[in-house]
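All remarks here apply to the structure that follows.
The values are calculated or read from the model by the stated rules, or taken from the named source; none is laboratory data. Computed from a predicted model, the values in this text were never measured in an experiment. No Cβ is skipped: glycine too gets one built from the backbone with ideal geometry, and neighbour counts run over all protein chains shown. Only protein heavy atoms, including side chains, enter the accessible area calculation; ligands, DNA and RNA are left aside. Shrake-Rupley method; radii C 1.70, N 1.55, O 1.52, S 1.80 Å.
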Amino acid sequence: MSRSRTRHVSRAAALLAALSLALTACGSSSSQGGDSGEKVDAAAVESALQAGGDLTVWAWEPTLKKVVSDFQAKYPKVHVKLVNAGTGNDQYTALQNAIKAGSGVPDLAQVEYYALPQFALGKSLTDLNRFGAGSLKSSFTTGPWTGVTSGDALYGLPMDSGPMALFYNKTIFDKYDVAVPTTWEQYLEAARKIHKADPKIYITSDTGDAGFTTSMIWQAGGKPFQVQGTSVKVDLADSGTARFTQLWQKLIDEKLLSPITGWSDEWYKGLGDGSLATLVTGAWMPANFSGAATAASGQWRVAPMPQWTAGGTATAENGGSSLTVPAASRKATLAYGFLRYATADAGATTRVEQGAFPATTADLTSESFLNKSFPYFGGQQVNKVLSEAATQVVSGWSYLPFQVYANNIYKDTVGKAYTGASTLSKALVAWQDACKEYGSTQGFTLQ
Amino acid sequence: MTATAQSDSHPRGKPRAGDPPHRTRSRRRWVGVGFIAPFLAVFTLVFLAPIVYSIYLSLFRERLIGGNSFVGFDNYVDVLNDDQFWTSLARVALFLAVQVPIMLGIALAVALAIDSRRLYAANLFRITVFLPYAVPAVVATLMWGFMYGSRFGLVGSINENLGLSLPNPLSPDLVLLSIGNIVTWEFVGYNMLIFYSALRVIPLSLYEAAEIDGAGQWRIISAIKLPAIRGALVVATIFSIIGSFQLFNEPSVMQSLAPNAIGTYFTPNMYAYSLSFSGQQYNYSAAVAIVMGIVTMIIAYVVQLRGLRRESAA
C-alpha cells in the first residue's frame, strides 16, 4: 500500500476526533461534579486542606515542581500529581476533550490569559468568587487581573505575567554606535543602520507571530477585539493597528527582519551569536536567555519598550498564564486551597525565586526582587525595568473568545504579508474576516 | 489477471432438484450466519462503525454558543461552498497530476532496467532504490527540509560557496514541488518493487518466442512486458491516487520550516485535522473527511474502470 503511513496517521487522527466526540455525547449529560455552587469560606478551604486528598494539576510551568513539594510538606495529607499535558495549544486540546468527556479532567489547569475566555465561555471553569477570591484583587497587578476576569466572574488566579520590554544586544549597538531606540521611529532607524553596517545582522526576526502582533497593536492603543457576552466585534483596521502596520510594513519591505521563526533552534542561535540585535517580548524572557542563548552571556541588556509617541510609557502584555479550577473538578475546594497557595501565598514567592516573573504586587515591589542583578545581563538589575513595565500596561484590551483558533489560522492570511504576496494591513483584514467567519459559525453575534 | 474470476459459471443461485423442504432450509441459513458471525462482528466494529459514526457526526453541529443541534446536510452544503476546501483539493489534484506520473514513470524505468538483466550489481541497485521507503516519512521530510534550507541547509551552502542564488525551495511558489520531490524519493522504490515482481512472473517462454521472432528489447517491452504488468500499473496508480489525496505527513512536518508557505488548509487532510483539533469543529471536519473519501473513491474507481477496460480490450 503506497504511503500507508500517511494513511495510518490520518486514520488515527480521524478516530481520535471521532472518539473525542463520542465522549462529548456522554459528557454533556453527566453531572457537574461533587461541589455545588455554594459559597465556601476560608475556614472551609483550610479544613479541606487539613483533611487532605489527591489533586491532579495540568501545567507546563517548570517552577511549579518546587511549589508542589513545599505544599505537600505543609499539608502532608494532600497529594498533588503534577502532569505536563503539553505546552499551550496541545494542553488546551487535551483539556477541552477531557472536559467534554466528563472524565479525566484535572483539578487544576494552567491556562494562558489569551486562551482563558474560550474556556470561560464554555462554562468549563469554576468561578472563584465562590471562594471569595475576589478579595485578592489588590494582591495582583492590573494586567493579569484583567486577564482572569470576565464581567463579574473570576476564572483563575494569575500565575505570572509578561509586561513587554526591549531586550537588546549592547555589543552590537556599541560597535556600530547606534543609540538604543526609545521610539519606534528610532527603532526603524536603528534597524537600517545596523543592517547596513553588517548585512548579516538584523534588528530582530519575524515571520509572522499572532501573539507578538496582537501585543504590538495593544501597545499602540488598538482595541481590535471587543466582546460583550456573545456579541463580538473584530476590527483589525483601527488606528492602533494602523500605527503598527505602517511601521512594521517598512521593516518588511526593506527586508530588515530576519526570516527566522521564533523559538526555533536557529532563533536561539541568532540570539546567541549576535546576528539578532533586539527582541521585544514579555518579562518572562530572561530565564530563556540565560538558559538557551548562553553564548551571548554578558552582551544583552533590557530597556523599556519603544514608544509610539516620544516620552510615552505605554507597554502591553505578551504571554503569561493563570491557574484555573475546571468546573468538572470534584474537589474544587481542595483545589482552590492549592491554587491560592501557588499563586497568592508562599508558592508565588517560591516561583519568583526560581525565575518566574510575578503577577503579585508584593513580589514585584520587594527589594530582593528589584535589586537582583543578573550576570547574563552584565549585572543589570533587570527586574527594575520589567516591574516598572508591569505598571504601564495599556488598559482596556481584550482577546477573542476563540483566540486559540484565531492564532492558529493567523499564518494562513497574515503569512502572505511576509512572503510579499500581500501587505500587512490587507492581510490583517483578511485575518479579521476569517475570525469573523469562524465566530459566526460558532454562534456569536458579529458586528 | 482479473479475468479468472469470471470463469466460474456454476449456477449457484438457481434452486436445484431435490432441495430440502422450506423449514430445514431456513434453519440451515441460520447455521451459516453463525459461521460468519465472528467475522461480521469484527468487520462491523472495525470497518463499518467508524464510517457510520462519522456520517452520524457530520449531520450535527456543535457551537460554542448554542450547543449541539441536528443540521441535516448543512455541513455538506458548507463543504461544497468552502473555498478553502476546494483550494486544498485543487492543490492535491495538481500534485496528483504532476507527481504521480513522474514517480510511476521513474519506478517503471528502474524496474525495466533491473529486469533487463543487463545491469551490473542489480541487487544492490534494487535495494538502494528501495531503501528510502524504509525511512519514516517524518524523518525523510526533516532530512529534505534541512537540505532545502536556503539559510542553513544545502541550498544555502551552495548559494554561499558557489556564489549562486538558487530559488528558495521553501517559498510558497515552490513548496509543492519540493514536497513532490520528497514523496517521489520515498515511493519510487516501493512502486518499482510492485512492477518488478509483476515482471518476474512473465513466463520465460514468451521471451524465447520473441527472440525467435527477432524482436528487439524495445519491442519486447512494448509487446510483452507492459501488457503483462498492466494490472500492477493500475494497482500502483490507484494507491498513488489515494496517497496523494491523503497527503499529510510531509506538508505537516514541513510547516515548521515554511510556516508562511504551508497553511492550515494546505491539503484536505491538514484542513480536516486543523478543523477538528484546533477549531473544535468535529462535525464539519467529519463532513470534509467524508466528502474527501467520496471524491477519492470516485477517482480511484474511474481509474480502475479505465485500466480494466483497456486490459480486457488488449
Candidate residues A:K193, A:K223, A:K175: accessible-area rank, largest first, probe 1.4 Å:
A:K175, A:K193, A:K223
Let me have the 222 nm mean residue ellipticity of the protein assembly as shown computed from DSSP H runs of 4+ only, each contributing -39500 (n - 2.57), with the sum over all residues rounded to the nearest 500.
-17000 deg cm²/dmol
Under 26 Å from the Cα of A:K81 - lysines, other chains or at least 8 residues apart:
A:K65, A:K66, A:K100, A:K123, A:K331
Specify the angular offset, from 0 to 90 degrees and rounded to the nearest 10, of the alpha carbon long axis of helix A:64-74 from the longest principal axis of the alpha carbons in chain A.
40
GNM top mover of B:L124, B:L247, B:L104 - chain B, alpha-carbon springs below 10 Å
B:L124
Explain nothing, just compute: Karplus ³J(HN,Hα) = 6.51 cos²θ - 1.76 cosθ + 1.60, θ = phi - 60°, for every residue of segment A:134-150 in order, whole Hz, x for Gly and Pro.
x, 6, 7, 3, 6, 6, 10, 6, 4, x, x, 4, 4, x, 9, 9, 8
So what's the gap between the Cα centers of segment B:105-134 and segment A:351-387, to the nearest angstrom?
65
Can you work out ³J(HN,Hα) from phi for every residue in segment A:388-398, in order, using Karplus 6.51 cos²θ - 1.76 cosθ + 1.60 and θ = phi - 60°, giving whole Hz and x for Gly and Pro?
5, 4, 4, 8, 10, 5, 5, 8, x, 7, 9
Let me see the P(r) profile for the protein assembly as shown: every Cα-Cα distance counted, bins of 10 Å, each bin given as a percent of all pairs.
2, 12, 19, 21, 19, 13, 8, 5, 2, 1, 0
Other chains' Cβ within 10 Å of A:413-426 residues: what's the mean?
2
Helix by helix through chain B, keep the DSSP H runs that span 15 Å or more along the axis on Cα and average at least 1.0 on Kyte-Doolittle, and give those back in order.
B:83-115, B:122-134, B:137-148, B:175-200, B:230-245
Checked chain B with the C-alpha gyration tensor, a ≥ b ≥ c its square-rooted eigenvalues, rounded below a/c of 1.5, otherwise prolate if a/b is larger than b/c and oblate if not; verdict oblate
The answer for A:Q380, listing residues at least 5 apart or on another chain whose modeled amide H is closer than 5 Å to its amide H, is A:F374
Calculate how large, on average over all directions, the projected area of the Cα convex hull of segment A:280-421 is; give the answer in nm² to one decimal.
12.5
For an R0 of 51 angstrom, estimate the FRET efficiency from the Cβ-Cβ distance between B:L204 and A:A430 and round to the nearest 0.05.
0.20
Counting DSSP beta bridges with both partners in the protein assembly as shown, what percentage is antiparallel, nearest 5?
65
Calculate the spin-label point distance for A:K193 paired with A:K81, positioning each point 7 Å from the Cα along the beta-carbon direction, and give it in nanometres.
5.8
Let me check against my output: what whole-number percent is the relative contact order of chain A, with C-alpha pairs under 8 Å and at least 6 apart?
25
If each of B:V135 and A:S135 carries a label point 7 Å out from its Cα toward its Cβ, how far apart are those two points in nm?
6.5
Spelling it out for B:F60: with amide H atoms placed in the peptide plane at 1.01 Å from N, the residues 5 or more places away or on another chain with amide H under 5 Å from its amide H are B:V71
Using θ = phi - 60° and the Karplus form 6.51 cos²θ - 1.76 cosθ + 1.60, what ³J(HN,Hα) does each residue of segment A:317-326 get, whole Hz, x for Gly and Pro?
9, 9, x, x, 10, 10, 10, 10, 10, x
Which of the aspartates and glutamates could a cross-linker span from A:K196 if the Cα-Cα distance has to be under 16 Å and same-chain partners fewer than 8 positions apart are dropped?
A:D174, A:D177, A:D253, A:E254
Taking every residue of B:276-288, the Cβ atoms of other protein chains inside 10 Å of its Cβ average out to 6
If you average the sequence gap of Cα pairs under 8 Å that are 6 or more apart and divide by the length of chain B, what percent do you get for the contact order?
25
Treating only Lys and Arg (+1) and Asp and Glu (-1) as charged, each at its beta carbon, one finds that segment B:76-313 has a dipole about its Cα centre, in Debye to the nearest 20, of 560
With springs only between Cα atoms under 10 Å apart, run a GNM on chain B and tell me which of B:N269, B:N75, B:N260 wobbles the most.
B:N260
Over segment B:184-314, what per residue volume does the convex hull of the Cα atoms give, in whole Å³?
125
Averaged over A:336-349, how many beta carbons belonging to a partner chain fall within 10 Å of each residue's beta carbon?
0
At q = 0.11 Å⁻¹, the log10 of I(q)/I(0) for chain A from a Debye sum over equal Cα scatterers comes to -0.92
Under 21 Å Cα-Cα from A:K137, which lysines qualify once same-chain neighbours fewer than 8 residues away are excluded?
A:K39
Could you give me the percent of Cα pairs per 10 Å distance bin for segment B:85-136, shortest bin first, beginning at zero and ending with the bin that holds the maximum distance?
21, 34, 26, 14, 4
By how many nm would the segment from A:Q50 to A:K66 grow when fully extended, if each residue of separation counts as 0.36 nm and the alpha-carbon distance is taken off?
3.7 nm
Loop sites in segment A:202-285: trypsin sites (Lys or Arg not before Pro), DSSP, at most 14 other Cβ within 10 Å:
A:K255
Residues meeting the amide H criterion for A:V80 (H placed from the backbone, H to H distance under 5 Å, 5 or more places apart or on another chain) are A:L55
